[in-house]
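Written below as structure tokens is the structure these notes are about.
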Amino acid sequence: MSEFDVIVIGAGPAGSSAAIKLAQGGMNVLLVERGDPPGTKNVSGAVLWGDELSKVVPDWERSAPIERYVTRKEVAFLTEKSKIAISYSSQDLMERKSGKIIVRGKFDQWLARKAKDAGAMLVTGITIDKLVIDGGKVIGVMQDGDVITSDAVIVAEGANPRVLINSGLRPKLSDHDVALGIKETIKLPENVINERFNVDSKGGYASEFVLGFLDDGILSGGFLYTNRDTVSLGIVASLDRLRANGMTHSYDIMGKFEEHPFIKNLIKDGIPDEYAAHLVPEGGLASMPKLYGNGYLVTGDAAMFTFSNGMVLQGINYAITSGILAAETILENKGKISEETLSNYVNKLRNSYVLSDLYTFNGIQNVTWSDFTQKTMPKILDSVMMSMFDERGMPKKHLMQVLSAAVKSNGMKYTELISSGYRMMRKM
Amino acid sequence: MKIEEKLSLLNYKTDRSYAHITIDPDICATCPDHFCVFACPANCYTLINGKLNFKYEDCVECGTCDIACSHGSVKWTLPKGDNGVIYKYG
């Protein structure tokens, strides 16, 4: 007889959502989190897209600590001296409230409390070492030499999956599996944020950046999200390229980003209040561990469920949905947990956007993490814009001629631009 | 703002009796790249007169150095219990 029906490792969005669903289904659930309180070990942008949480916490937005709703969304290329952006502001987007800007320190604590309210036993400040496997079946978890038993375990341990690695259930991570995220939280008065980012008190600005100004082969994206009275500013850098470069400190990429003239302005007079770093799953399908086995399921970042097409970065919604689907799978197979019955988890993921998106966008990394997207595109766009807006009293040219000249001046062939551009559009 | 100042913004509960990450100085002494020094976002790895110096106290538990070290020197575990970095915002 096991001590618990289910042990959930990690009280982030995936783990807490799973625990809520399981507790609602009458299961005896232990939710274990090494942060005390939950959220103190987690790092994220963060924008929570969509409304998946309403499946386990109806009316969740009423009590959740939401900083602002995304009403201005930007995607921008930064070159050394310029910024070329797509900026989308929309009252419809405000009404839809699709993007919720959150601070994970507050949010995760709130969601874990919801799990506790639903009836899960929440234990914090406890670090799980590995799964306990007996006769090919997971029978519980190991914590500092002690075994806690359960019929099933949901692994929701996040982007640095030590339990899976220690249990021999996935290989160590490599440069291609994850990128390095570095983030700063900067204090700015609420009214300054409203004016500076042209949003009202409920509205928020969320932007992703391509850091085209970085030299020596370094590839990195950036992000800026407005919280209520702080700003989240960060980078997501390729470890592969950082290694090939071999002489740039990761934290100096963050330094260069915050010193960029068009970023510096946005955080002027801000007071840095926290520095943080975390791995970001980037490898997609190729990096995914086995998602289930006899007695365990893998969810959220630990399963590498993230989405990034350069326009939007998502992960929390995938975590919540995978957590709920894992819980459903266990609830439907109470008393008959096996590798075969738990395999239905994958069917559920395939029928949802979680695995559909990962299959649809398989290989997107080759586009988002390419020199074409991160270096050539920004330079060409910069040349085009400059030609169009720098009036020199000369006869004007058609856009195609301007583009052609920009392509040539950046050492590219027109045909290369068309094929790379086509490949990019197809993958995005 | 320098990295040292940024790190000073962080709160930790430091486990004085257990270093959750250790390195093998013999391996590091012959390492050709010392990529850990460049990869670690918390400046835990530094070269002092060509010798690798590691301190776990500033670690933010991201796991980057475990990936960065391709020479088998880094032994990576999580801090025990609730020790380590305590993020306010995260």
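In this structure, does A:Thr373 turn out to be under 18 Å from the mean Cα position of the chain (by Cα) and touching a residue at least 24 places away in the same chain (Cβ under 8 Å)?
No.
Yes/no per residue for (1) aliphatic (A, V, I, L, M); (2) surrounded by fewer than 18 Cβ atoms within 10 Å (Cβ to Cβ); (3) within 14 Å of chain B (Cβ to nearest Cβ):
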{"position": "A:Lys55", "(1), (2), (3)": "no, yes, no"}
{"position": "A:Asp59", "(1), (2), (3)": "no, yes, no"}
{"position": "A:Ser63", "(1), (2), (3)": "no, yes, no"}
{"position": "A:Val70", "(1), (2), (3)": "yes, no, no"}
{"position": "A:Thr79", "(1), (2), (3)": "no, no, no"}
{"position": "A:Leu93", "(1), (2), (3)": "yes, yes, no"}
{"position": "A:Lys97", "(1), (2), (3)": "no, yes, no"}
{"position": "A:Gly105", "(1), (2), (3)": "no, no, yes"}
{"position": "A:Ala118", "(1), (2), (3)": "yes, no, no"}
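Which numbered condition trips up A:Ala85, out of (1) modelled with pLDDT of 95 or more; (2) over 22 Å from A:Gly221 (Cα atoms); (3) in contact with an Asp or Glu (Cβ under 9 Å, 6 or more places away or on another chain)?
All conditions pass for A:Ala85, except number (2).
Being out of contact with any Cys (no Cβ under 9 Å at 6 or more places or on another chain) and outside the structural domain of A:Ala303 (by TED's automatic domain parsing): is that true of A:Pro161 here?
no
Among the residues of the stretch A:287-308, is there at least one that is surrounded by fewer than 17 Cβ atoms within 10 Å (Cβ to Cβ), under 17 Å from the mean Cα position of the chain (by Cα) and within 30 Å of A:Ser419 (Cβ to Cβ)?
The answer is no; no qualifying residue exists.
Against the condition among the hydrophobic types (A, V, I, L, M, F, W, C), within 15 Å of the chain's Cα centre (by Cα), surrounded by fewer than 15 Cβ atoms within 10 Å (Cβ to Cβ) and not assigned by TED's automatic domain parsing to the domain that holds A:Gly221, how does A:Met311 come out, does it pass?
Yes.
Can you confirm whether the stretch A:88-102 contains a residue that is more than 18 Å from the chain's Cα centre (by Cα) and assigned to a loop (DSSP other than H, G, I, E, B)?
Yes - at least one qualifying residue is present in the stretch A:88-102.
Kindly list the number of the only condition in (1) at pLDDT 95 or above; (2) exposed (fewer than 15 other Cβ atoms within 10 Å of the Cβ); (3) outside any helix (DSSP H, G or I) that fails for A:Met394.
(1)
Among the listed residues A:Leu239, A:Leu224, identify the single one that is of a type in the set (A, V, I, L, M, F, W, C), within 13 Å of chain B (Cβ to nearest Cβ) and within 19 Å of the chain's Cα centre (by Cα).
So the residue among A:Leu239, A:Leu224 that is of a type in the set (A, V, I, L, M, F, W, C), within 13 Å of chain B (Cβ to nearest Cβ) and within 19 Å of the chain's Cα centre (by Cα) is A:Leu239.
Would you please name the residue that is nearest to B:Glu61 (Cα to Cα), looking only at residues in the stretch A:43-53 that are within 14 Å of chain B (Cβ to nearest Cβ) and part of a loop (DSSP other than H, G, I, E, B)?
Only one residue tops the list, namely A:Val43.
Residue check, A:Met142 against (1) over 24 Å from the mean Cα position of the chain (by Cα); (2) buried (at least 23 other Cβ atoms within 10 Å of the Cβ); (3) of a type in the set (A, V, I, L, M); (4) within 14 Å of chain B (Cβ to nearest Cβ), all met but one. Which one?
Of (1) over 24 Å from the mean Cα position of the chain (by Cα); (2) buried (at least 23 other Cβ atoms within 10 Å of the Cβ); (3) of a type in the set (A, V, I, L, M); (4) within 14 Å of chain B (Cβ to nearest Cβ), only one is false for A:Met142: (2).
Return the residue satisfying two criteria in turn: it lies in the stretch A:270-286 and is more than 17 Å from the chain's Cα centre (by Cα) and facing chain B (nearest Cβ under 7 Å), and of such residues it is surrounded by the fewest Cβ atoms within 10 Å (Cβ to Cβ).
A:Asp273
Of the conditions (1) of a type in the set (D, E, K, R); (2) in contact with an Asp or Glu (Cβ under 9 Å, 6 or more places away or on another chain); (3) at pLDDT below 95, A:Arg96 fails just one. Which one is it?
The number of the failed condition is (2).
One residue is enough: does the stretch A:106-129 have a residue meeting the conditions modelled with pLDDT of 95 or more and under 21 Å from A:Ser343 (Cβ atoms)?
No - not one qualifying residue is present in the stretch A:106-129.
Quick check on the stretch A:145-164: of everything there that is surrounded by fewer than 19 Cβ atoms within 10 Å (Cβ to Cβ) and within 14 Å of chain B (Cβ to nearest Cβ), which residue is modelled with the lowest pLDDT?
Per the stated criteria, the residue is A:Gly145.
Starting from residues that are of a type in the set (Val, Ile, Thr) and in contact with a Leu (Cβ under 9 Å, 6 or more places away or on another chain), keep the ones in the stretch A:25-42 and report whichever is farthest from the other protein chains (Cβ to nearest Cβ).
First, pick out the residues of the stretch A:25-42 that are of a type in the set (Val, Ile, Thr): A:29, A:32, A:40.
If we keep only those that are in contact with a Leu (Cβ under 9 Å, 6 or more places away or on another chain) too, we end up with A:29, A:32.
Details: A:Val29: 21, A:Val32: 12 Å.
Restricting to residues being of a type in the set (Val, Ile, Thr) and in contact with a Leu (Cβ under 9 Å, 6 or more places away or on another chain), the top hit is A:Val29.
The values are calculated or read from the model by the stated rules, or taken from the named source; none is laboratory data. Keep in mind the model is a prediction, meaning the values are calculated, not measured. So basically every Cβ, Gly included, is an ideal-geometry build from the backbone, and we count neighbours across all protein chains shown.
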